[in-house]
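Sending over a structure as structure tokens; questions will come in a sec.
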Amino acid sequence: MLPLFHETAGRPLICPSLLSCDFARIAEEIELIKDQAEILHCDIMDGHFVPNLTFGPPVLARIRQATNLLLDVHLMVDQPEAWLEPFAKAGADSLVFHIESTVHSQRLATQIRDLGCTPGVAINPGTPLTDLTEILPFVDLVLVMSVNPGFGGQSFISQMLDKVQSLRQIGLDRGLSFHIQVDGGINKRTAAQMVKAGANLLVAGNAIFGADDPALAAAEIRQSAQSAYADTLATI
């Protein structure tokens, strides 16, 4: 399971997104970046909730066999409740559903925890943070999408910096400890910006696997994020 926020003291963790890797060489791609990553982000798309299709539990099970890194499963699907147990059995460490995909968010979070996984909730750029008000005490991770979900390689939506900052303040005001994860257009520059806004889990796909040297690209994002985190601590 993912560590709780207070156990990592908010330090930034790198989450390479397998959506951007070469699926024909997925084990090799993971091997390239394993020393620069703590968590692998796995985007599950059903062609309904988002206009794209990726992979299901059998592929995740093979990924599980290829690595000991934590597997963070992002469910961009309709009816996420149908997929919790299959992906948990396939080896997911965290299961993140979209607040827009269900009217039973608390029930889903409880089911995820009962399956032995870390529960998380994701929110699209156009969805207000008020939609998360009731679910926040029940999850350990909130994923703020900094692009509209469905495709890799999109441009970063800078307004999501304010959203992350507001979400972190809500957590502080309510005495809640949860990871803030960001996904979409994350690179050396935007990783630092997001860390300063309050995020600590940084999903990067194209910036890592689209680089000539994925390990170096991941290391540079890590260094940028860690420097931003150190600057943040220095101002406290």
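The values are calculated or read from the model by the stated rules, or taken from the named source; none is laboratory data. Note that the structure is predicted; figures quoted are calculated from it, not measured. Note that we place each Cβ from the backbone using ideal geometry, even for glycine, and neighbour counts take in every protein chain shown.
Could you check how many residues of the stretch 111-146 are of a type in the set (Gly, Ala, Ser) and either at positive phi or in a helix (DSSP H, G or I) (or both)?
Number of matching residues: 1.
Against the conditions (1) within 22 Å of Leu143 (Cα to Cα); (2) not in a helix (DSSP H, G or I), where does Ala211 fall short? Just the number, please.
Of everything listed in (1) within 22 Å of Leu143 (Cα to Cα); (2) not in a helix (DSSP H, G or I), Ala211 misses just condition (1).
If I go through the stretch 9-57 residue by residue, how many of them are in a strand (DSSP E or B) and either surrounded by 13 or more Cβ atoms within 10 Å (Cβ to Cβ) or at pLDDT 95 or above (or both)?
Here the count works out to 13.
Taking the conditions exactly as written (surrounded by 22 or more Cβ atoms within 10 Å (Cβ to Cβ) and touching a Lys or Arg at 6+ places or on another chain (Cβ under 8 Å)), does Pro119 satisfy them or not?
yes
Out of all the residues in the stretch 147-187, which are in contact with a Leu (Cβ under 8 Å, 6 or more places away or on another chain) and not in a helix (DSSP H, G or I)?
Within the stretch 147-187, Gly152, Leu176, Ser177, Phe178, His179, Ile180, Gln181, Val182, Asp183, Ile186 meet the criteria.
Moving to a separate point now. Would you say Val73 is of a type in the set (Val, Ile, Thr) and under 14 Å from the mean Cα position of the chain (by Cα)?
For Val73, the condition - of a type in the set (Val, Ile, Thr) and under 14 Å from the mean Cα position of the chain (by Cα) - is met.
Now for a separate question. With the checklist (1) in contact (Cβ under 8 Å) with a residue 60 or more places away in the chain; (2) under 30 Å from Lys89 (Cα atoms); (3) in contact with a helix residue (DSSP H, G or I) (Cβ under 7 Å, 6 or more places away or on another chain); (4) not hydroxyl-bearing (Ser, Thr, Tyr) in hand, flag the one item Leu115 doesn't pass.
Unmet for Leu115, out of (1) in contact (Cβ under 8 Å) with a residue 60 or more places away in the chain; (2) under 30 Å from Lys89 (Cα atoms); (3) in contact with a helix residue (DSSP H, G or I) (Cβ under 7 Å, 6 or more places away or on another chain); (4) not hydroxyl-bearing (Ser, Thr, Tyr): (1).
Just checking, does the stretch 39-48 include any residue being more than 22 Å from Ile157 (Cα to Cα) and under 17 Å from the mean Cα position of the chain (by Cα)?
Yes, the conditions are met somewhere in the stretch 39-48.
Quick one: which residue in Thr130, Thr190, Thr232 is out of contact with any helix residue (DSSP H, G or I) (no Cβ under 7 Å at 6 or more places or on another chain) and farther than 17 Å from Ser17 by Cβ?
Exactly one residue qualifies, and that residue is Thr130.
Which condition number does Phe87 fail, the rest of (1) farther than 20 Å from His48 by Cβ; (2) of a type in the set (Phe, Trp, Tyr); (3) modelled with pLDDT of 95 or more being met?
The failed condition is (1).
If you check Val139 against the conditions, is it within 30 Å of Gln36 (Cα to Cα), buried (at least 22 other Cβ atoms within 10 Å of the Cβ), in contact with a Gly (Cβ under 9 Å, 6 or more places away or on another chain) and without any contact (Cβ under 8 Å) to a residue 40 or more places away in the chain?
In short, yes.
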